[in-house]
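Structure first, commentary second.
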Amino acid sequence: LTQYVYNKFGVGLSRTTYTQVEEGTKVKRSDLKAGDLVFFKTEGSISHVGIYIGDGEFIHAPRTGKPVMVSSLSDGYYSEKYATARRILN
């Protein structure tokens, strides 16, 4: 999802969560802006990514076969699993 969205705006992004977490610049959770990538440790290591859309929410594809959805960073599960964020666009 993240690669697809960024590509639509003419921005290259690597394919996997594991490589995307190294791209751009690190952002504090308190400084998130729409478009920032937010990463989660859902399987012991960083294994899930979404795109921050503002107001504490992000879009993501929970897993293959599930529809893209909007979730809250303050949701207990995602709040607990939050790892870091990266800004690709300045």
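The values are calculated or read from the model by the stated rules, or taken from the named source; none is laboratory data. Because the structure is a prediction, the values reported are computed rather than measured. Here the Cβ is made from the backbone with ideal geometry for all residues, glycine too, and neighbour counts use every protein chain on show. The protein model used for the area step is the full one, side chains on, heavy atoms only, and it has no ligands, DNA or RNA in it. Shrake-Rupley method; radii C 1.70, N 1.55, O 1.52, S 1.80 Å.
Here are the numbers for this structure:
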| item | result |
| --- | --- |
| Extreme residue, farthest from the chain's Cα centre (by Cα), among residues of segment 31-49 that are over 20 Å from Arg15 (Cβ atoms) and open to solvent by 30 Å² or more (accessible area, probe 1.4 Å) | Gly44 |
| Odd one out for Glu22 among (1) within 13 Å of the chain's Cα centre (by Cα); (2) closer than 17 Å to Leu89 by Cα; (3) part of a helix (DSSP H, G or I) | (3) |
| Among residues of segment 10-30, those that are surrounded by 10 or more Cβ atoms within 10 Å (Cβ to Cβ), without any contact (Cβ under 8 Å) to a residue 40 or more places away in the chain, out of contact with any helix residue (DSSP H, G or I) (no Cβ under 9 Å at 6 or more places or on another chain) and under 22 Å from Val70 (Cα atoms), counted | 1 |
| Test: residue in segment 56-70 that is closer than 17 Å to Lys26 by Cα and either among the polar types (S, T, N, Q) or at pLDDT below 95 (or both) | no |
